[in-house]
Amino acid sequence: MKASSLSFQAAVLLGVVGMLWGIVMAASGDHGTMPAHAHLNLLGWVSLFLFGIFYHLHPAIDRSRLARVQSGIWIVATAVLTVGVALVHTGRPIGDPIAAVASLAIIADMLLFGWLVLRRERIGKVAGA
Ligand code: HEM
Ligand code: HEM
């Protein structure tokens, strides 16, 4: 599967879960887990969809294993971060180290994405594109 397809499909899935979460918060009047909802949507729906657009615009990167790995790590780490933050905000401190590990994975994965972007820019310059 291309990295863009993986990103788009997972983004929609995480977006649907994030929005259902928002509807449950609104309907119940309990906004206690708001940061988990916010980050599930922002990392899972918005950021992942943006990665998908970038990969789709650069077919050579889109077909690479590294891009799929970047997208896959983001998906898993976002899910783990969301669970960790939700645990913290429902009074379970065990969520704290879970969210901490996931956040480090997310920033490392962002650096990996940055490297893919930079590499593409360099290759583009050499090829005169
Ligand atoms: C069906 C869709 C959605 C519903 C029903 C919903 C509902 C909510 C609710 C009830 C809150 C708590 C507000 C508060 O306590 O002040 C909230 C906060 C938030 N939501 Fe959503 N949401 C939805 C979709 C989204 C999406 C798609 C995003 C991001 C792309 C998003 C980002 C946020 C953010 C960033 C906050 C925190 C806002 C703040 O700091 O005050 N939400 N949402
Ligand atoms: C590793 C990634 C990230 C970590 C560890 C992180 C951490 C945090 C923390 C600790 C807060 C304060 C929450 C609170 O007051 O309870 C926060 C708030 C916020 N962050 Fe992030 N963040 C990350 C990525 C992002 C990204 C990528 C976006 C936007 C695209 C974003 C948007 C926001 C917004 C809108 C708020 C205010 C709403 C809220 O309290 O949830 N964050 N973030």
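Summary of values
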| quantity | calculated |
| --- | --- |
| Tally, over segment 4-28, of residues that are surrounded by 17 or more Cβ atoms within 10 Å (Cβ to Cβ), among the small types (Gly, Ala, Ser) and more than 16 Å from ligand 2 (Cβ to nearest atom) | 1 |
| Subset of segment 39-76 [among the hydroxyl-bearing types (Ser, Thr, Tyr) and touching an Asp or Glu at 6+ places or on another chain (Cβ under 6 Å)] | Tyr55 |
| Pair list, Cβ < 7 Å and 6+ apart or interchain, from segment 1-30 residues that are more than 21 Å from Ala60 (Cα to Cα) to residues that are part of a helix (DSSP H, G or I) and aromatic (Phe, Trp, Tyr) | Ala11/Trp45; Ala11/Phe49; Leu14/Trp45; Gly15/Trp45; Gly18/Trp45 |
| Residue check for Leu20: within 16 Å of ligand 1 (Cβ to nearest atom), closer than 23 Å to Met1 by Cβ and out of contact with any helix residue (DSSP H, G or I) (no Cβ under 8 Å at 6 or more places or on another chain) | no |
| Index of the failed condition, Ala86 passing every other in (1) within 13 Å of the chain's Cα centre (by Cα); (2) of a type in the set (A, V, I, L, M, F, W, C); (3) under 22 Å from Val17 (Cβ atoms) | (1) |
| Odd one out for His31, checked against (1) part of a helix (DSSP H, G or I); (2) of a type outside the set (Gly, Ala, Ser); (3) within 12 Å of ligand 2 (Cβ to nearest atom); (4) exposed (fewer than 14 other Cβ atoms within 10 Å of the Cβ) | (1) |
| Test: residue in segment 87-97 that is within 16 Å of ligand 2 (Cβ to nearest atom), surrounded by 12 or more Cβ atoms within 10 Å (Cβ to Cβ) and basic (Lys, Arg) | yes |
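Laboratory data are not the source of any read-out in this text; all were calculated from the coordinates shown. Source: prediction; values computed, not measured. Backbone-built Cβ (ideal geometry, glycine too); neighbour counts: all protein chains shown.
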